[in-house]
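The values are calculated or read from the model by the stated rules, or taken from the named source; none is laboratory data. Keep in mind that what you see is a predicted model, and the values were worked out from it rather than measured. When we count neighbours, we look across all protein chains shown, and the Cβ atoms used for this are built from the backbone with ideal geometry, even at glycine.
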Amino acid sequence: MKNFRKINNDVYWVGANDKRLALFENAFPLPNGVSYNSYLVTDEKNILLDCIDKSVCGVFFENLEYLLKGKKLDFVVVNHVEPDHCATLGELVLRFPEVKIIGNSRTIAMIKQFFEFDIDKRAVLVKEGDTISTGKHEFAFYTAAMIHWPEVMMTYDKTDKFLYSADAFGSFGTLNGNIFADETDFERNFLDEARRYYTNIVGKYGLQVQATLKKAATLDISAILPLHGPIWRKNLNFILDKYQKWSSYQPEEEGVLITYASIHGNTENAANILATQLAEAGIKKIALFDVSVTHPSFVLSEAFRLSHIVFAAATYNSGIFVSMETLLNDIAAHNLQNRTVAIIENGSWAAQSGQKMKDILEKLKGTKFIEPIVSLKSSVKEENVLQLQNLAEEIVNSLKKPLPAPVVNNTKIEPSAFFKITYGLFVLSSADDDKDSACIINTVLQVTDTPKRIGIAVNKANFTHDLIVKSGKFNLSTLTTEAQFDVFKRFGFQSGRNVNKFADFEQNCKKSGNNLYYVTQNTNAYFSVKVISTSDFGTHSFFVGEVEESAVLSNAASLSYQYYLDNIKPKPEAKPAASNGKKSYICKICGYIHEDGELPDNIVCPICKHGKADFELQE
Ligand code: FEO
């Protein structure tokens, strides 16, 4: 019997769940099963976004037959040829003989490797950025090679602003009716399995994932629809932020992963003693695994999560005990980087596992070793307990210290927040009775210390400017180098007159005592300010205000304009000069193209409100 869900007026989830499969790709245990997602868009021409695994094809074809109501299926987009999505393509072609298959040249070549039917007569070849219209919807195609195979692409529906992301942003775990991430407690029900899925399936290809994230940052995305796991239609920054960390091999959390491979329990004893010593030193985030018992996919996932890893293994056949050797090779194959590691070895006559573990780990970029290797002879003795205690202290010393509690001097002002002010980039927020809004500014300075006063320059074209004039108050949030381009798109590239810039952003902001929002994600300080004077400088107003509240939010570095231009803002694609021979200019800040010949002195970018100095001639 059919079992689908409607996503909007003409888009349907027509996927299915498999709770019976023991091993995904015959390699990865599935304690919570897996979903295979497929999406049908009914339009003047009907289009299917990917097929489904053979094991659950019954309900999939019933869904299609029911929703198409006898109409033909015009297109199927094959974003990914791997059989967990494409195995039913042959049957789809038999059931819908007129269907055209959309893919890139690699897609078509791979389909030929898996199937015997005549693909050439039904293939629609697409290249990077090509578009196909089905009537109301227009689909654009972007390559995403090695996420997870070389032919992979993503499809962007310009009408709905949906990104059909193939394996990217997917997760293990069945959907259990709740197909949207916001319908479930994602952090409790999916996050671990999303991380295990990412790290094991595409963890090796961080560079390619980073390139795809940059590409995605140039699109206006309202929802991400992956081929496994929940759909993201709210709080997209949550999963984008996780992907940013995972793909750049930065730990998600400061904490200690202890892994051990023990033959008779003595190496295990050392691992447990170390865990106790760390806990007694106040470390709360400790994960401990017997790698002979726990499948490496779970341990690898934890290695991507935590900042510190201890490897403890017995010596076996003059090498590393087998289960630890398997784990280490798996970690190396998945390219893990930037971890602080320590090693414990054991050997009853010739302990060698320590150096051999180190030989593997030394090849991982950015690995820091805590020396020396703790060496056991058969079992833990008193001197080993002391060595483990020293190791625990070194680990504790190398963990980033939590931020000190905010200083409360009978006021709500934390003076060290002012150290975060640079000639950088800030989210400036304000509100009137009806609406909150915010924009990005780059001119903030501390005017006096006693009392604490701040000055800001704001372009009059910004809606936030008008809100400050009306309300006489504003908040500033100091952005850090960890900020994503999305925050600039949200607050800088659209007008608060037309959109609610805080919609679906609740988890990344809070309200201060003046009832204005400040941003908590990728910021290191905030300030609540009451305006005491306003000066008119033509295009800009200069507001000076008294700080009523301030606090440090993180230790991350403040974001400079130069860092933003070099590392965060996507580089605009080169565009040919206008065909009518007129010069064209590009806004270096947001990529807007001015094609009307000469650049007027008083030009203001209609998107990001920057002036002439930020435009450059396109060659
Ligand atoms: Fe879900 Fe790479 O297949």
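I'm trying to understand the selection: among the residues of segment 326-361, which are in a helix (DSSP H, G or I) and under 21 Å from Gln387 (Cα atoms)? Step through it out loud before you land on a result.
Taking segment 326-361 and keeping what is in a helix (DSSP H, G or I), we get 326-333, 353-361.
Those that are in a helix (DSSP H, G or I) and under 21 Å from Gln387 (Cα atoms): Ser353, Gly354, Gln355, Lys356, Met357, Lys358.
So, Lys69, is that one more than 13 Å from the ligand (Cβ to nearest atom), free of Cβ contacts under 8 Å to residues at least 24 places away in the same chain and surrounded by fewer than 23 Cβ atoms within 10 Å (Cβ to Cβ) or not?
On the way: more than 13 Å from the ligand (Cβ to nearest atom): yes; free of Cβ contacts under 8 Å to residues at least 24 places away in the same chain: yes; surrounded by fewer than 23 Cβ atoms within 10 Å (Cβ to Cβ): yes.
When the stated conditions are applied, Lys69 passes them.
Taking Tyr12 as the residue in question, decide whether it is more than 16 Å from the ligand (Cβ to nearest atom), in contact with a strand residue (DSSP E or B) (Cβ under 6 Å, 6 or more places away or on another chain) and outside any loop (DSSP other than H, G, I, E, B).
Values: more than 16 Å from the ligand (Cβ to nearest atom): yes; in contact with a strand residue (DSSP E or B) (Cβ under 6 Å, 6 or more places away or on another chain): yes; outside any loop (DSSP other than H, G, I, E, B): yes.
For Tyr12, the condition - more than 16 Å from the ligand (Cβ to nearest atom), in contact with a strand residue (DSSP E or B) (Cβ under 6 Å, 6 or more places away or on another chain) and outside any loop (DSSP other than H, G, I, E, B) - is met.
When segment 141-168 is examined, which residues are found to be in a loop (DSSP other than H, G, I, E, B) and in contact (Cβ under 8 Å) with a residue 60 or more places away in the chain?
At the first step, the residues of segment 141-168 found to be in a loop (DSSP other than H, G, I, E, B) are 144-152, 158-161, 167-168.
Within segment 141-168, Ala144, Ala145, Met146, Ile147, His148, Trp149, Glu151, Val152, Asp160, Lys161, Asp167, Ala168 meet the criteria.
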> Taking segment 462-507 as the region of interest, how many residues are basic (Lys, Arg), in a loop (DSSP other than H, G, I, E, B) and modelled with pLDDT of 90 or more?
Replying inline: 1
>> Anything in segment 80-98 that is touching a helix residue (DSSP H, G or I) at 6+ places or on another chain (Cβ under 8 Å) and either touching a residue at least 60 places away in the same chain (Cβ under 8 Å) or within 13 Å of the ligand (Cβ to nearest atom) (or both)? List them, or say none.
In response: His80, Val81, Pro83, Cys86, Ala87
>> Being touching a strand residue (DSSP E or B) at 6+ places or on another chain (Cβ under 6 Å), in a strand (DSSP E or B) and not β-branched (Val, Ile, Thr) narrows it down to one residue among Ser307, Ser323; which is it?
In response: Ser307
> For Glu253, are the conditions met, namely being charged (D, E, K, R), in contact with a strand residue (DSSP E or B) (Cβ under 7 Å, 6 or more places away or on another chain) and surrounded by 17 or more Cβ atoms within 10 Å (Cβ to Cβ)?
Replying inline: no
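Are any residues in segment 151-163 within 11 Å of the ligand (Cβ to nearest atom) and of a type outside the set (Asp, Glu), and if so, which ones? Talk me through it step by step, then tell me what you get.
Going through segment 151-163, the residues within 11 Å of the ligand (Cβ to nearest atom) turn out to be 151-152.
Listed by number, the list holds a single entry, Val152.
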>> Looking at segment 60-96 only, could you name the residues that are assigned to a loop (DSSP other than H, G, I, E, B) and of a type in the set (S, T, N, Q)?
In response: Asn79, Thr88
>> Based on this model, can you work out whether Asp192 counts as more than 23 Å from Val41 (Cα to Cα), surrounded by fewer than 23 Cβ atoms within 10 Å (Cβ to Cβ), more than 16 Å from the ligand (Cβ to nearest atom) and at pLDDT 95 or above?
In response: yes
> How many of the residues in segment 362-386 are surrounded by 19 or more Cβ atoms within 10 Å (Cβ to Cβ) and not in a loop (DSSP other than H, G, I, E, B)?
Replying inline: 3
> Just for segment 25-47: of the residues that are away from the ligand (no atom under 16 Å from the Cβ) and without any contact (Cβ under 8 Å) to a residue 60 or more places away in the chain, which one is nearest to Glu151 (Cα to Cα)?
Replying inline: Leu40
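In the list Ala223, Ala217, which residue meets the criterion of being surrounded by fewer than 24 Cβ atoms within 10 Å (Cβ to Cβ), under 26 Å from Lys571 (Cα atoms) and at pLDDT 95 or above?
Details: Ala217 fails: at pLDDT 95 or above.
Answer to the check: Ala223.
One line per residue, one yes/no per condition, for (1) aromatic (Phe, Trp, Tyr); (2) modelled with pLDDT of 95 or more; (3) more than 24 Å from Lys400 (Cα to Cα):
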site: Lys234; (1), (2), (3): no, no, yes
site: Phe238; (1), (2), (3): yes, no, no
site: Ser247; (1), (2), (3): no, yes, no
site: Ile258; (1), (2), (3): no, yes, no
site: Ser262; (1), (2), (3): no, yes, yes
site: Thr267; (1), (2), (3): no, yes, yes
site: Ala270; (1), (2), (3): no, yes, yes
site: Gln277; (1), (2), (3): no, yes, no
site: Ile283; (1), (2), (3): no, yes, no
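When you check Asn555 against the structure, is it assigned to a loop (DSSP other than H, G, I, E, B) and free of Cβ contacts under 8 Å to residues at least 60 places away in the same chain, yes or no? Please lay out each step first, then the result.
Details: assigned to a loop (DSSP other than H, G, I, E, B): yes; free of Cβ contacts under 8 Å to residues at least 60 places away in the same chain: no.
Taking the combined requirement at face value, the residue does not satisfy it.
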>> Which residue is surrounded by the fewest Cβ atoms within 10 Å (Cβ to Cβ), if the candidates are limited to segment 170-184 and must be within 16 Å of the ligand (Cβ to nearest atom) and in a loop (DSSP other than H, G, I, E, B)?
In response: Thr174
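Select from segment 322-336 the residues that are within 20 Å of Phe369 (Cβ to Cβ) and not β-branched (Val, Ile, Thr) and list them in ascending order. Steps first, answer last, please.
Step one: list which residues in segment 322-336 are within 20 Å of Phe369 (Cβ to Cβ), which gives 324-325, 327-332, 334-336.
Of everything in segment 322-336, those that are within 20 Å of Phe369 (Cβ to Cβ) and not β-branched (Val, Ile, Thr) turn out to be Met324, Glu325, Leu327, Leu328, Asn329, Asp330, Ala332, His334, Asn335, Leu336.
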>> All but one of (1) in contact (Cβ under 8 Å) with a residue 40 or more places away in the chain; (2) closer than 21 Å to His264 by Cβ; (3) surrounded by fewer than 23 Cβ atoms within 10 Å (Cβ to Cβ) hold for His295; state the number of the condition that does not hold.
In response: (2)
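So how many residues does segment 362-371 have that are in contact (Cβ under 8 Å) with a residue 12 or more places away in the chain and under 23 Å from Gln389 (Cβ atoms)?
Step one: filter segment 362-371 for residues in contact (Cβ under 8 Å) with a residue 12 or more places away in the chain, giving 363-370.
Then keep just the ones that are under 23 Å from Gln389 (Cβ atoms); that gives 368-370.
Selection size over segment 362-371: 3.
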> Are there any pairs with C-beta distances below 8 angstrom linking a residue in segment 455-474 that is among the hydroxyl-bearing types (Ser, Thr, Tyr) to a residue that is surrounded by 18 or more Cβ atoms within 10 Å (Cβ to Cβ) and at pLDDT below 90, with the two at least 6 apart or on different chains, and if so which?
Replying inline: Thr464/Gly496
>> So in segment 47-67, with the set limited to residues that are touching a Lys or Arg at 6+ places or on another chain (Cβ under 6 Å) and of a type outside the set (Phe, Trp, Tyr), which one is nearest to Leu227 (Cα to Cα)?
In response: Asn63
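If you check Ala211 against the conditions, is it surrounded by fewer than 19 Cβ atoms within 10 Å (Cβ to Cβ), of a type in the set (Gly, Ala, Ser) and either assigned to a helix (DSSP H, G or I) or under 14 Å from the mean Cα position of the chain (by Cα) (or both)?
Numbers: surrounded by fewer than 19 Cβ atoms within 10 Å (Cβ to Cβ): yes; of a type in the set (Gly, Ala, Ser): yes; either assigned to a helix (DSSP H, G or I) or under 14 Å from the mean Cα position of the chain (by Cα) (or both): yes.
Yes, satisfied.
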> For segment 97-140, what are the residues that are in a loop (DSSP other than H, G, I, E, B) and among the hydrophobic types (A, V, I, L, M, F, W, C)?
Replying inline: Val99, Phe115, Phe117, Ile119, Val126
> Just one of the numbered conditions (1) over 22 Å from Tyr12 (Cβ atoms); (2) within 16 Å of the ligand (Cβ to nearest atom) is not true of Arg122; which one?
Replying inline: (2)
